[in-house]
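J.: Have a look at this one before I ask anything.
The values are calculated or read from the model by the stated rules, or taken from the named source; none is laboratory data. All values reported here derive from a predicted model rather than from experimental measurement. Methodologically, a virtual Cβ is constructed for each residue, glycine included, from the backbone with ideal geometry; neighbour enumeration extends over all protein chains shown. Ligands, DNA and RNA are excluded from the accessible area calculation, which covers all protein heavy atoms including side chains. Shrake-Rupley method; radii C 1.70, N 1.55, O 1.52, S 1.80 Å.
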Amino acid sequence: MEIRLPVQVDKALRLLSQAGFEAFIVGGCVRDSLLGFSPSDWDITTSALPEETEKVFEGFRIIETGIKHGTVTVLIDKMPLEITTYRVDGAYSDNRHPDSVSFTRNLKDDLSRRDFTVNALAYNPETGIVDCFGGQDDLKNRIIRCVGNADERFNEDALRILRAIRFSSVLGFKIENKTSESVFKNKLLLNNIAAERIRVELVKLLNGKDVKRVLLDYRDIIAVFIPELIPTFDFPQNTPYHCFDVYTHTAYTVEAAPEEFKVAMLLHDIAKPECKTTDENGIDHFKGHPRESSLKAFEILRRLRFDNATVDKTVKFIAVHDEMLPRSQYEALKLLKRIGEDGYVYLITAKYADNQGKADKHNGEELLENMKVYLQEIKENNLCYSVKQLDISGNDLIKAGIPAGKQLGQTLDMLVDAVIDGKCENIKSELLKYIR
Ligand code: ATP
Ligand code: MG
């Protein structure tokens, strides 16, 4: 088995080997290469101690970021390569970090500290694949399995629990039985893990090709850090539109959503259970659930340390996801006035994804296509739906004698409606006349 290496990686391996050290590519890049994907980054593991590595790469730019953990980053022809000394981890007393790390000259020891068999493969052109834990078989059989005893490995670093289901989603691999049982058994250890690390893995999980299966099969793991989802599990929706409980519906819509809105879809119906009413015909309604869901989502996203821009966008997306779709250009203008162009585009995206979790997947698609056309026409003709598009400003109104303050805002708002309703042209003189 041969892996095609970037020239820089090949050079780094050769320089280390010529200096008398062992050096291999390791981890995700070996896994992905064997699966036929091109790796995002290439990690190198070596028997050289950090100061020995630095000596080998004298004359190259060296970044000493992770030196405590044995990592030296070397810049080779503009490619940063992380070169890490073979390492064994000491005891883990906090379910997070090893109390100490020590270096070793033995590759197998380094591979044994890695999380899953498919992540514990090493390779170099001279030796070929080094596979001490059956990683190649597991790759072939598409299985995620802990290196060694799963309970022990999850107790050392509980993030591995979430990584197991993340890789299951991203690679589309099943989790081996013992490892899977151990995932459930040890799930509460995830409470010891920093929110940032959880978030990184969650986002990757949501973008995996098998996200629906993983969200459904491993919902109890997701619920450890998003307990707000629990009421949606098996929560029935007796409406003509829905064929799934709220959480199953959610899982389908996450799968269907574009990358930037996966987390929004995960949380979009989170308040449905508490908003449910049932009418005299036995049909359920969930009035107000977009707003309530967006409020909950805000708390959750903040807790998981999402950046502000993502929080804002996600919250708005959820708040507008169930708006009535416009059936005319006029209704489109009114909607744009209320939720803005971003909200309008979010609504289209949300509805497409939402349909994929419904009884009739193609329900309302014509309306959605029309919605896009309305927006295009409105923009092409520069039709006014917002205060900032008015041919008149707050200052103009003040000059015309309207006092600054609340009334001013209301007047501008009223003018936008007058323009949309065709009662007044969007021309300053006409707008002034209209107020009088
Ligand atoms: P990705 O494609 O997402 O980068 P990856 O396998 O490269 O996947 P990384 O988080 O970049 O994942 O880690 C690189 C390697 O380090 C892994 O393949 C694994 O061997 C090891 N590793 C990473 N995190 C852990 C962990 N928490 N416990 C044990 N080994 C780990
Ligand atoms: Mg990686």
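J.: Looking only at the range 132-154, which residues are over 14 Å from THR179 (Cβ atoms) and within 13 Å of ligand 1 (Cβ to nearest atom)? Outline the logic, then answer.
T.: From the range 132-154, those over 14 Å from THR179 (Cβ atoms) are 132, 136-137, 139-140; that's our starting set.
Within the range 132-154, CYS132, LEU139 qualify.
J.: Can I ask one more? Exactly one condition in (1) within 16 Å of ligand 2 (Cβ to nearest atom); (2) among the aliphatic types (A, V, I, L, M); (3) in contact with a helix residue (DSSP H, G or I) (Cβ under 6 Å, 6 or more places away or on another chain); (4) under 18 Å from VAL130 (Cα atoms) is not met by VAL88; state its number.
T.: (1)
J.: Moving on to the next point. Just to be sure I understand, how many residues within the range 415-436 are in a loop (DSSP other than H, G, I, E, B) and at pLDDT below 95?
T.: So in the range 415-436, the residues in a loop (DSSP other than H, G, I, E, B) come out as 421-427, 436.
If we keep only those that are at pLDDT below 95 too, we end up with 436.
Of the residues in that region, 1 qualify.
J.: Something else: Counting only residues that are open to solvent by 10 Å² or more (accessible area, probe 1.4 Å) and outside any helix (DSSP H, G or I), which one in the range 158-186 is nearest to SER93 (Cα to Cα)?
T.: Ranking the qualifying residues of the range 158-186, first place goes to ASN186.
J.: Another question about this same structure. Looking at (1) in contact with a helix residue (DSSP H, G or I) (Cβ under 6 Å, 6 or more places away or on another chain); (2) within 29 Å of ARG166 (Cα to Cα); (3) open to solvent by less than 20 Å² (accessible area, probe 1.4 Å); (4) at pLDDT 95 or above, which one does TRP42 not meet, given that it meets all the others?
T.: (3)
J.: Could you list all residues from the range 90-105 that are open to solvent by 40 Å² or more (accessible area, probe 1.4 Å) and either touching a residue at least 40 places away in the same chain (Cβ under 8 Å) or in contact with a Leu (Cβ under 9 Å, 6 or more places away or on another chain) (or both)?
T.: Going residue by residue through the range 90-105, those that are open to solvent by 40 Å² or more (accessible area, probe 1.4 Å) are 91-94, 96-97, 99-103, 105.
Passing the criteria: TYR92, ASP94, ARG96, HIS97, PHE103, ARG105.
J.: Listed residues ASP94, ASP89; which is over 21 Å from THR127 (Cα atoms), of a type outside the set (Lys, Arg) and within 11 Å of ligand 1 (Cβ to nearest atom)? Full working, then the answer.
T.: On the way: ASP94 fails: within 11 Å of ligand 1 (Cβ to nearest atom).
Just one listed residue meets the conditions, ASP89.
J.: Which one is nearest to ligand 1 (Cβ to nearest atom) among residues in the range 187-210 that are more than 19 Å from LEU267 (Cα to Cα) and open to solvent by less than 20 Å² (accessible area, probe 1.4 Å)?
T.: ILE193
J.: Could you list, in sequence order, all residues of the range 1-22 that are in a helix (DSSP H, G or I) and either within 16 Å of ligand 2 (Cβ to nearest atom) or touching a residue at least 60 places away in the same chain (Cβ under 8 Å) (or both)? Give the derivation first.
T.: Going residue by residue through the range 1-22, those that are in a helix (DSSP H, G or I) are 7-18.
Those that are in a helix (DSSP H, G or I) and either within 16 Å of ligand 2 (Cβ to nearest atom) or touching a residue at least 60 places away in the same chain (Cβ under 8 Å) (or both): VAL7, GLN8, VAL9, ASP10, LYS11, ALA12, LEU13, LEU16, SER17.
J.: So GLY70 ticks every box in (1) at positive phi; (2) within 16 Å of ligand 1 (Cβ to nearest atom); (3) surrounded by fewer than 20 Cβ atoms within 10 Å (Cβ to Cβ) but one. Which box is left unticked?
T.: Here GLY70 clears every test but (3).
J.: What are the residues in the range 39-68 that are within 16 Å of ligand 2 (Cβ to nearest atom), touching a strand residue (DSSP E or B) at 6+ places or on another chain (Cβ under 6 Å) and closer than 16 Å to ASP89 by Cα, if any?
T.: THR45
J.: Hey, among ILE25, ILE83, ILE62, which residue is more than 17 Å from LEU111 (Cβ to Cβ), part of a strand (DSSP E or B) and touching a residue at least 12 places away in the same chain (Cβ under 8 Å)? Break it down into steps so the answer makes sense when it comes.
T.: Values: ILE25 fails: more than 17 Å from LEU111 (Cβ to Cβ); ILE83 fails: more than 17 Å from LEU111 (Cβ to Cβ).
The unique qualifying residue is ILE62.
J.: Identify all residues within the range 114-135 that are more than 14 Å from ILE25 (Cβ to Cβ), in a loop (DSSP other than H, G, I, E, B) and within 14 Å of ligand 2 (Cβ to nearest atom); write none if there are none. Lay out the reasoning, then the answer.
T.: Within the range 114-135, the first condition is being more than 14 Å from ILE25 (Cβ to Cβ), and the residues that meet it are 115-118, 132-134.
Filter again for in a loop (DSSP other than H, G, I, E, B), leaving 115, 132-134.
Matches in the range 114-135: ASP115 only.
J.: Ok, one more. Step by step: first the residues of the range 12-39, then only those that are more than 8 Å from ligand 1 (Cβ to nearest atom) and at positive phi, then the one that is surrounded by the most Cβ atoms within 10 Å (Cβ to Cβ). Which residue is that?
T.: GLY20
Residues checked against (1) touching a Phe, Trp or Tyr at 6+ places or on another chain (Cβ under 7 Å); (2) surrounded by fewer than 16 Cβ atoms within 10 Å (Cβ to Cβ):
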{"position": "GLU369", "(1), (2)": "no, yes"}
{"position": "LEU383", "(1), (2)": "no, no"}
{"position": "ILE398", "(1), (2)": "no, yes"}
{"position": "ALA404", "(1), (2)": "no, yes"}
{"position": "GLY409", "(1), (2)": "no, yes"}
{"position": "ILE420", "(1), (2)": "yes, no"}
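J.: I would also like to ask the following. Return yes or no: is PHE173 among the aromatic types (Phe, Trp, Tyr), more than 14 Å from the chain's Cα centre (by Cα), modelled with pLDDT of 95 or more and farther than 30 Å from SER100 by Cβ? Spell out how you get there, then give the answer.
T.: Numbers: among the aromatic types (Phe, Trp, Tyr): yes; more than 14 Å from the chain's Cα centre (by Cα): yes; modelled with pLDDT of 95 or more: yes; farther than 30 Å from SER100 by Cβ: yes.
Yes, satisfied.
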